[in-house]
1. Given (1) of a type in the set (A, V, I, L, M); (2) modelled with pLDDT of 90 or more; (3) within 16 Å of the chain's Cα centre (by Cα), where does A:ALA585 come up short, assuming only one miss?
2. Within the range A:173-182, restricting attention to residues that are crowded, with 21+ Cβ neighbours inside 10 Å and more than 12 Å from RNA strand B (Cβ to nearest atom), which residue is nearest to A:ASN92 (Cα to Cα)?
3. Within the range A:728-738, can one find any residue that is open to solvent by 10 Å² or more (accessible area, probe 1.4 Å) and either over 27 Å from A:LEU695 (Cβ atoms) or at pLDDT below 70 (or both)?
4. For A:SER104, are the conditions met, namely being free of Cβ contacts under 8 Å to residues at least 60 places away in the same chain, of a type in the set (Ser, Thr, Tyr) and out of contact with any helix residue (DSSP H, G or I) (no Cβ under 6 Å at 6 or more places or on another chain)?
5. Here are A:LYS581, A:LYS591, A:LYS606: which of them is more than 8 Å from RNA strand B (Cβ to nearest atom) and either open to solvent by less than 20 Å² (accessible area, probe 1.4 Å) or not hydrophobic (A, V, I, L, M, F, W, C) (or both)?
6. Assuming A:LEU529 fulfils every condition listed in (1) in contact with an Asp or Glu (Cβ under 9 Å, 6 or more places away or on another chain); (2) open to solvent by less than 10 Å² (accessible area, probe 1.4 Å); (3) more than 24 Å from A:PRO30 (Cβ to Cβ) apart from one, which condition is it?
7. Just checking, does the range A:183-202 include any residue being of a type in the set (Val, Ile, Thr), open to solvent by less than 10 Å² (accessible area, probe 1.4 Å) and touching a residue at least 60 places away in the same chain (Cβ under 8 Å)?
8. Using beta carbons and a limit of 6 Å, which pairs, at least six apart or on different chains, have the first residue in the range A:315-326 and within 10 Å of A:LEU236 (Cβ to Cβ) and the second one outside any loop (DSSP other than H, G, I, E, B)?
Amino acid sequence: MNQEIPKVYSPAEVEQKWYKFWEENRFFTPEEDSSKKPFVIVIPPPNITGNLHMGHALDNSIQDVLIRYKKLQGFNTLWLPGTDHAGIATQNVVAKALKKEGTSKDQLGREKFVERVWKWKEEYGGNITRQLRRLGCALDWTRERFTLEEGLSKAVTREFVTLYNEGLIYRGKRLVNWCPKCGTAISDIEVEHETKKGRLWWIKYPIEGKSEIRNSKSEQGIDYITVATTRPETMLGDTAVAVNSKDKRYKKLIGKMLILPLVNRRIPIIKDDFVDPEFGTGAVKVTPAHDPNDFEIGERHELPRVNILTPDAKITFEQFVEEEKKEVTELEGMDRYKARQRLVELLEERGFLGKIEEYETSIGHCYRCKDVVEPYLSDQWYVKVKDIAREAIKAVEDGKIKYVPDRWTKVYINWMVNLKDWCISRQLWWGHRIPVWYHGEEVYVGEDPPKGEGWEQDPDVFDTWFSSALWPFSTLGWPEETKDLKTFYPTDVLVTGYDIITFWVSRMIMMGVHFMKKEPFHTVFIHGLVRDAKGKKMSKSFGNVIDPLEIIDKIGADALRFALISLITGQGQDIKLTQDKITEARNFSNKIWNVSRFVLMNLDKKIKLEIPDNLELPDRWIISRYQNLTKEVTDLIDDHDLGEAARKLYEFLWGSFCDWYIEISKNDLYSNDSKKKEKTQRVLVYVLEGTLRLLHPFMPFITEEIWQLLISKTNAKDIPKSIFLSSVPEYNKTKVDPKSEKEMSLLIEMIIKIRNIKAEMGIQTKEVELCYFAPKREEKETIQRGEAFIKSLGRVTKSTWLKAIKERPQQSATGVASNTQFFMPLKGLVDINIEVGRLKKEEQKVGQVLANIKKLLSNNNFTSKAPPEAVEKERAREKELIEKKKIISARLKDLAV
RNA sequence: GGGCAGUUAGUUCAGCUGGUUAGAAUGCCUCGCUUACACCGAGGAGGUCGCUGGUUCGAGUCCAGCACUGCCCACCA
């Protein structure tokens with residue numbers, strides 16, 4: 001017996017061994033000049049600051065399943081790895097480290113700082129790629145890329161310069177979302193809105209010439225106008241008050257001037273129909289430099305823009321004339337929130353403050369540092385996206401790109417239709433430098449620096465997404481016309497969570513269509529997010545994170561992958577990962593291990609890897625089931641329903657193969673009939689070997705380990721070096737046998753029912769056995785020896801089987817009929833002969849048979865092993881439950897009436 | 001304000017184009033140490049499929065309305 005195979009599967013060693021083997025043999029590198037069709041996925045590049053979290057684990061498990069499956073199907077596969085430099089994120093991480101050291105990025109200066117980030121990257125940037133290896137990802141590491149490396153930087157420069165020359169890029173002073181903490185502009189989608197309790201302050205703006213509003217005769221609309229605001233400090237930058245042109249209350253006042261309280265700036269009352277007369281007082285203060293709507297109003301009315309904030313959100317009076325400062329000098333240099341508080345106090349003191357209301361308002365936060373974002377006036381670079389977006393929409397509408405599940409198509413199109421120009425400049429140091437140089441008034445845009453003295457490069461860098469938009473082709477060598485680019489572009493599938501459809505997917509489509517004139521992929525496979533047991537997002541601050549690496553250490557990458565994949569639904573719902581599910585997957589991998597151990601243990605010689613001829617019902621059944629499984633699993637993967645495919649494999653392997661076929665097989669394996677034994681060995685190996693190949697994309701390590709052991713015990717020739725290089729089992733329709741499936745399922749049903757009766761009556765396994773055989777005439781002898789025994793009412797083990805054979809009287813199997821029959825010898829007491837006939841009137845027969853068995857059993861005074869009082873107790877409990885239910889339902893009925 | 005998704009056993013979820021008795025896992029209750037596996041095996045209990053109508057011979061499944069939950073988008077001071 002195989003002592004060297006342990007009972008419990010321990011993945012750690014196995015996984016390490018095989019990944020090394022795969023990588024060293026370059027199995028993941030596509031064949032050169034292959035005649036096979038390529039199948040390509042580029043990895044969504046994780047941030048170099050990142051560590052593998054469950055989201056990555058899911059995303060990459062999915063991709064690995066697809067790649068390995070396609071490989072088995074005979075495609076020339078490439079899964080291209082890489083990482084993203086992640087501008088803000090990385091800069092923040094390094095800045096934090098510097099702070100700990102007591103220095104800062106400004107102290108270091110730009111050049112030194114960037115050098116420092118590179119150093120950091122060399123040191124820690126490899127974390128995530130190591131972790132992807134642990135997961136088992138079949139990535140071609142010889143082609144690994146980084147967004148900030150030379151080649152990809154060249155691509156980004158080409159991107160910008162080309163777009164610029166096409167007139168699709170412009171620089172403009174606009175309101176951007178400014179993160180004071182990061183000190184940079186961020187794009188609209190990088191702002192996270194959150195509804196928070198705030199306040200609405202009402203402020204009185206005196207009409208010119210009637211400045212003494214403390215006078216008791218003062219009245220709204222005569223002496224002053226009241227405006228409402230959630231951000232009172234912005235009044236410092238007000239340059240008008242707007243009212244709706246149809247608003248009767250203010251009609252006469254349009255064109256008159258107001259005196260801005262404390263600042264004493266003369267500002268006009270203007271009409272603009274953006275203003276909703278129903279809201280607040282119907283009059284809106286206009287701060288073009290600090291509010292997007294006001295900015296637009298300002299544009300329409302050519303209002304001056306007065307900026308009141310420094311880049312780190314402190315009050316500045318840079319644009320104030322001297323007189324305006326007089327009453328508010330103390331605010332200068334003050335933090336925005338402190339200033340707000342103080343300003344309100346000042347207004348109050350001077351009688352300009354009206355009421356204060358509690359108010360719910362939505363506040364924008366930086367997606368990186370969570371600081372409150374300010375609308376801020378600054379010079380930025382923009383991409384005019386309208387035309388490119390149109391092409392990108394068309395690609396999806398024409399079906400050249402398909403979203404899976406389909407509902408994301410709508411989300412994508414809706415987003416694209418409403419797309420605004422894309423702010424691509426960031427005031428960071430870590431990133432691709434914008435290829436623009438200034439020399440006084442002159443501006444130079446080009447891939448190489450301008451010649452001559454005195455040129456200074458734009459200090460800004462690009463939005464990270466501006467470079468990752470090129471990822472599907474920049475990684476293959478673009479803008480050079482490389483062989484890889486020709487062979488592998490366009491790629492096939494993009495796999496990602498729905499959270500970055502807008503950030504990334506849409507931009508890749510835009511740039512792919514624009515620069516390559518070809519969609520970057522034909523399928524976008526969108527999956528849900530991984531959440532905790534309660535459906536909450538996993539995050540460090542909640543403390544509900546399950547670390548994939550910890551799980552891998554404990555139970556193996558295979559089990560983790562299987563847990564995640566089997567949780568995927570066809571609808572792409574979010575996934576709730578629980579400890580239970582992880583345990584289940586662990587148990588499954590152990591089950592695979594043990595069933596394989598069983599098969600291996602029962603092989604005493606080299607086995608032919610083909611189906612034998614002398615098949616019996618259980619053999620035909622399991623082979624048929626296996627054929628169906630092959631078809632189902634391949635169809636499901638083709639349909640991108642990986643979760644269902646995984647569940648099908650689980651069900652087959654555990655529910656059919658282990659629970660039934662293995663048990664039945666013991667009959668032959670432990671028999672003296674060498675022909676039968678060999679037949680069964682061959683069926684076992686045939687089905688298990690094929691199932692392993694089906695399972696390999698999901699659980700690459702354990703399947704490799706077992707497959708190698710198993711295949712070495714066969715006579716198969718030209719064996720591939722790895723299961724990864726083998727093939728998907730072929731679906732052989734001629735082996736599908738509905739009749740056997742039907743018969744077998746009936747048999748199973750009967751056995752279950754008999755077990756049920758047995759359990760109810762407390763009869764022990766050893767006292768009752770069920771024999772089954774499907775005789776052909778020539779097998780009569782065998783049958784009469786009672787060796788067609790396949791299933792006891794409990795579990796078959798070698799010892800019980802041997803015992804049964806030994807103890808069973810010769811006459812136990814009698815009355816052989818020409819049809820399928822059941823025999824149930826009751827340990828020498830009675831034989832029941834159950835005729836199933838042609839299995840046509842199954843239902844009736846089953847019922848009849850069961851009734852007979854029950855009768856016989858109760859006539860024969862079996863002793864129950866369960867103590868009578870326990871049985872009594874259980875019955876009482878049941879009765880009680882039924883009573884309770886009755887009462888409850890009666891009460892509910894009363895209530896309903 | 002607009003859009004999307006979900007609501008099925010105690011819990012977490014499957015259930016495709018409508019068709020026998022609504023499945024699985026886990027938990028619970030019996031029983032079983034049996035040379036593949038106690039990370040196991042056998043059996044059992046547990047569901048008016050969110051609510052209300054409609055289509056149909058037939059509805060978790062299709063349609064309409066409602067309720068609740070979650071997510072995304074949106075400039076209302």
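The values are calculated or read from the model by the stated rules, or taken from the named source; none is laboratory data. All values reported here derive from a predicted model rather than from experimental measurement. All Cβ positions, glycine included, derive from the backbone under ideal geometry; neighbour counts span all protein chains shown. Heavy atoms of the whole protein, side chains included, go into the accessibility calculation; ligands, DNA and RNA do not. Shrake-Rupley method; radii C 1.70, N 1.55, O 1.52, S 1.80 Å.
1. A:ALA585 satisfies every listed condition except (3).
2. The qualifying residue nearest to A:ASN92 (Cα to Cα) is A:CYS182.
3. no
4. Numbers: free of Cβ contacts under 8 Å to residues at least 60 places away in the same chain: yes; of a type in the set (Ser, Thr, Tyr): yes; out of contact with any helix residue (DSSP H, G or I) (no Cβ under 6 Å at 6 or more places or on another chain): no.
It is false that A:SER104 is free of Cβ contacts under 8 Å to residues at least 60 places away in the same chain, of a type in the set (Ser, Thr, Tyr) and out of contact with any helix residue (DSSP H, G or I) (no Cβ under 6 Å at 6 or more places or on another chain).
5. Working: A:LYS581 fails: more than 8 Å from RNA strand B (Cβ to nearest atom); A:LYS591 fails: more than 8 Å from RNA strand B (Cβ to nearest atom).
Answer to the selection: A:LYS606.
6. (2)
7. yes
8. Matching pairs, first to second residue: A:ILE315/A:LEU331; A:ILE315/A:ALA339; A:PHE317/A:LYS325.
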